[in-house]
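The values are calculated or read from the model by the stated rules, or taken from the named source; none is laboratory data. Just so you know, these numbers come straight off a predicted model, no measurement behind them. Here Cβ is always computed from backbone atoms with ideal geometry, including for glycine, and neighbour counts include all displayed protein chains.
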Amino acid sequence: MTSKQIKLKLAAILCMLPLLALVVLNSRTVPTSTAQEFDAAAVFKAKCTMCHGQKAERKFDASKSDDELLQIVLKSGKPGMPAFETKGITEEQAKAIIAHMKSLHQQ
């Protein structure tokens with residue numbers, strides 16, 4: 001194995017460590033609540049900023065349709081991203097998170 005291959009593997013491992021930490025540390029479910037009690041901004045800050053950034057500037061394509069984004073959030077359409085429906089996030093809550101991310105992305 002060449003030193004370039006070793007460096008590439010090391011870089012890949014280092015990139016995956018934060019994702020692994022996210023999965024391990026955030027493995028508990030988000031409690032469900034009524035729409036009035038759900039704080040999309042707080043959930044985004046706690047669960048999403050690690051990968052998506054404070055302003056949803058990373059790994060977020062605001063040009064995708066709301067339905068596409070909803071499926072990504074609920075079903076995990078991206079590698080390394082958990083399926084949040086298995087974490088207790090409802091469709092309405094996911095829509096609120098998406099709306100929050102779009103509002104951040106426009107700022």
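Observations on the structure shown:
- Restricting the stretch 63-105 to residues that are closer than 20 Å to ASP39 by Cα and of a type in the set (Gly, Ala, Ser), the residue that is surrounded by the most Cβ atoms within 10 Å (Cβ to Cβ): ALA94
Residue-by-condition table, conditions (1) at pLDDT below 85; (2) in contact with a strand residue (DSSP E or B) (Cβ under 8 Å, 6 or more places away or on another chain); (3) assigned to a loop (DSSP other than H, G, I, E, B):
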site	(1), (2), (3)
LYS7	yes, no, no
LEU17	yes, no, no
LEU22	yes, no, no
THR34	yes, no, yes
PHE38	no, no, yes
CYS51	no, no, no
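- THR90 being among the hydroxyl-bearing types (Ser, Thr, Tyr) and in contact (Cβ under 8 Å) with a residue 24 or more places away in the chain: yes
- Count of residues meeting criterion [more than 10 Å from the chain's Cα centre (by Cα) and aliphatic (A, V, I, L, M)] in the stretch 75-96: 3
- Looking across the stretch 58-90, the residues that are within 15 Å of LYS102 (Cβ to Cβ), assigned to a loop (DSSP other than H, G, I, E, B), among the charged types (D, E, K, R) and in contact with a helix residue (DSSP H, G or I) (Cβ under 7 Å, 6 or more places away or on another chain) come down to ARG58, LYS59.
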